[in-house]
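Everything below concerns the one structure shown next.
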Amino acid sequence: MPVAPKGGNNSLSKQTANLRNTADARPFSYKKHSHLRKADDISSVFDFKCRVSAPHFVVLGKPNNLVFPRLGIMVAKKTARLSVSRNYIKRIVREQFRVQQGGLPSLDMVVRVTKSFNRQEFAAIVQELSAIFVKIRKCQNS
């Protein structure tokens, strides 16, 4: 059995600390703390009643006490019947949030998809999401 050097644990902790620092320095990451996971968090955004609508989406927002925005995505089976379609829609919304989160205020946002879309509409959907993420800033001052 190989024997670890005496300073092994210390050097390992330095390596993991360096990994954490580089991960935190990346502005375009989407980490677990950016997800709205609990039902109470999502329902509190619905109760706040600050919303922005577009043809494919309704985005609800509520200020949070954190230094970063958080996102929740809702795609009903009624909107997109196949799970492949629902997952594609969620992936597109999540990616646009990830790219734009550096310019977003500290809000809890829930994106509710009201109309399904496919790959041919990708450019229009990206523009729509960009416009919505700009308009949702009004919820920060509410």
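Go through (1) assigned to a helix (DSSP H, G or I); (2) more than 20 Å from Leu36 (Cα to Cα) one by one and return the number of the condition Val99 breaks.
(2)
Does region 75-104 hold any residues that are hydrophobic (A, V, I, L, M, F, W, C) and exposed (fewer than 15 other Cβ atoms within 10 Å of the Cβ), and which are they?
Hits for region 75-104 are Ala76, Leu82, Val84.
Name the pairs: first residue in region 47-72 and touching a residue at least 24 places away in the same chain (Cβ under 8 Å) and assigned to a loop (DSSP other than H, G, I, E, B), second residue of a type in the set (Gly, Ala, Ser) and crowded, with 17+ Cβ neighbours inside 10 Å, Cβ to Cβ under 6 Å, at least 6 apart or on different chains?
Correct list of pairs: Cys50/Gly61.
Looking only at region 105-132, which residues are within 29 Å of Asn65 (Cα to Cα), surrounded by 19 or more Cβ atoms within 10 Å (Cβ to Cβ) and more than 10 Å from the chain's Cα centre (by Cα)?
Leu107, Val113, Leu129, Ile132 - these are the residues of region 105-132 that are within 29 Å of Asn65 (Cα to Cα), surrounded by 19 or more Cβ atoms within 10 Å (Cβ to Cβ) and more than 10 Å from the chain's Cα centre (by Cα).
Quick note: the coordinates plus some simple rules give every number you see, no bench work behind them. Just so it is clear, the model here is predicted, and its values are computed rather than measured. Reconstructed Cβ throughout: ideal geometry from the backbone, glycine too, with neighbour counts over all protein chains shown.
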